[in-house]
Each structure stands twice: as structure tokens, then as C-alpha cells.
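Visitor: Shown below is the structure under consideration.
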Amino acid sequence: MDQAELRRQLREQLDETQREQARLATLRKRMQYEQGDLSYPSETGGWQLGDVDLGEYLARYWGKRLVLIITPAGDAPTPMYTCGVCGFVMNEVGECPRCKLQAIEFEREMQQQQAERTPDVFEQVPNDHSEINCVAPQSQN
Ligand SMILES: [Zn+2]
């Protein structure tokens with residue numbers, strides 16, 4: 001192989017490399033990149049990626065041939081649910097543990113009060129009024 005032939009092959013390879021780079025640059029310009037936490041349902045009832053409604057997003061490419069590349073990049077934070085009664089924040093929908101505990105304690109107190117005989121309110125008031133200390137509210141001046 002003489003030097004002229006070697007030079008010709010080298011130039012051909014360079015041209016091929018440049019064409020490949022130009023093709024990749026064109027693809028890169030066309031490429032769309034979206035990142036976010038995947039959730040369902042969106043406001044329109046479809047899939048949502050961050051702020052992007054994927055149904056609306058894909059509708060832009062109606063009639064096109066696509067290459068879709070998906071890369072899981074970690075776990076999305078689990079959605080939080082708030083108890084409508086006490087405001088306790090939970091990881092999943094279900095019975096609120098704080099309200100359940102309060103209901104159990106309330107029931108236990110009621111059973112305890114029924115077990116002991118609840119004295120009459122009038123029996124608790126002393127007859128001579130000596131144990132009652134009435135304090136008038138103080139003015140702030
Ligand atoms: Zn609650």
C-alpha cells in the first residue's frame with residue numbers, strides 16, 4: 001500500500017467520522033430530556049413526570065416514530081396523607097394511629113368511670129365553703 005492510498009483511506013475514515021458526528025449532533029438537537037418524579041393520576045387522569053403531563057407531552061409527537069429512553073434515577077418520595085381529624089401525617093391511607101389511640105384511651109376512661117361509681121356532683125361541694133378559693137381575675141395594669 002503506497003502513501004497516496006493510505007492517505008485516501010484515512011481521509012475516507014475522517015469523512016465517515018465527521019458524518020457520524022454530524023448525525024449525532026442532529027439527533028442531540030432533536031432529543032428532549034425530561035426528569036422528575038413519576039406519579040399517577042395527573043390532573044387529566046394520566047401519568048405525570050414532575051410538572052409534565054406525559055399524555056399531553058407525547059401528543060406533540062403524534063404520527064412520529066420515537067425512541068423512548070427511560071432511566072430510573074432513584075425512588076420518588078412516598079406521598080404523604082394527613083388525618084382529616086387530628087392532622088397526623090401518614091405514609092399510607094388508612095386508620096390514623098393517633099386517633100385510634102385516643103379512641104382506645106377514651107373508651108378505657110369511660111369504662112373506668114362506669115366501674116367506679118361516679119359520685120354525685122353535689123356530694124363534691126363542701127358544706128362550709130372553706131375549701132373554695134375564689135380568685136377574681138387580676139387586671140393587667
Ligand atoms: Zn388522626
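The values are calculated or read from the model by the stated rules, or taken from the named source; none is laboratory data. Here the structure is a predicted model, which means the values were calculated and not measured. Because the Cβ atoms are built from the backbone with ideal geometry, glycine has one as well, and the counts that use them run over all protein chains shown.
Visitor: Residue pairs, Cβ under 7 Å, 6 or more apart or interchain, first in the range 67-84 and in the same structural domain as Pro41 (by TED's automatic domain parsing) and among the β-branched types (Val, Ile, Thr), second within 13 Å of the ligand (Cβ to nearest atom) and modelled with pLDDT of 90 or more. List them.
Guide: Final answer for the pair search is none.
Visitor: Those residues that are over 11 Å from Ala76 (Cβ atoms), modelled with pLDDT under 90 and among the polar types (S, T, N, Q), I need them from the range 21-49; list them, please.
Guide: Those that are over 11 Å from Ala76 (Cβ atoms), modelled with pLDDT under 90 and among the polar types (S, T, N, Q): Thr26, Gln32, Ser42, Thr44.
Visitor: Criterion first (surrounded by 10 or more Cβ atoms within 10 Å (Cβ to Cβ), within 16 Å of the ligand (Cβ to nearest atom) and hydrophobic (A, V, I, L, M, F, W, C)) does Leu101 satisfy it? It would help to see each step written out before you state the result.
Guide: Working: surrounded by 10 or more Cβ atoms within 10 Å (Cβ to Cβ): yes; within 16 Å of the ligand (Cβ to nearest atom): yes; hydrophobic (A, V, I, L, M, F, W, C): yes.
For Leu101, the condition - surrounded by 10 or more Cβ atoms within 10 Å (Cβ to Cβ), within 16 Å of the ligand (Cβ to nearest atom) and hydrophobic (A, V, I, L, M, F, W, C) - is met.
Visitor: Looking only at residues that are surrounded by fewer than 10 Cβ atoms within 10 Å (Cβ to Cβ) and among the aliphatic types (A, V, I, L, M) in the range 105-121, which one is farthest from the ligand (Cβ to nearest atom)?
Guide: Here the answer is Val121.
Visitor: Does Gly87 satisfy being more than 16 Å from the ligand (Cβ to nearest atom), loosely packed, with under 10 Cβ neighbours inside 10 Å, at positive phi and part of a loop (DSSP other than H, G, I, E, B)?
Guide: no
Visitor: Still on this model: Just give me the residues in the range 47-84 being among the polar types (S, T, N, Q) and loosely packed, with under 12 Cβ neighbours inside 10 Å, in sequence order.
Guide: Thr71, Thr78, Thr82 - these are the residues of the range 47-84 that are among the polar types (S, T, N, Q) and loosely packed, with under 12 Cβ neighbours inside 10 Å.
Visitor: Please indicate, with yes or no, whether at least one residue in the range 27-46 is touching a Phe, Trp or Tyr at 6+ places or on another chain (Cβ under 6 Å), outside the structural domain of Asn91 (by TED's automatic domain parsing) and loosely packed, with under 10 Cβ neighbours inside 10 Å.
Guide: Yes - at least one qualifying residue is present in the range 27-46.
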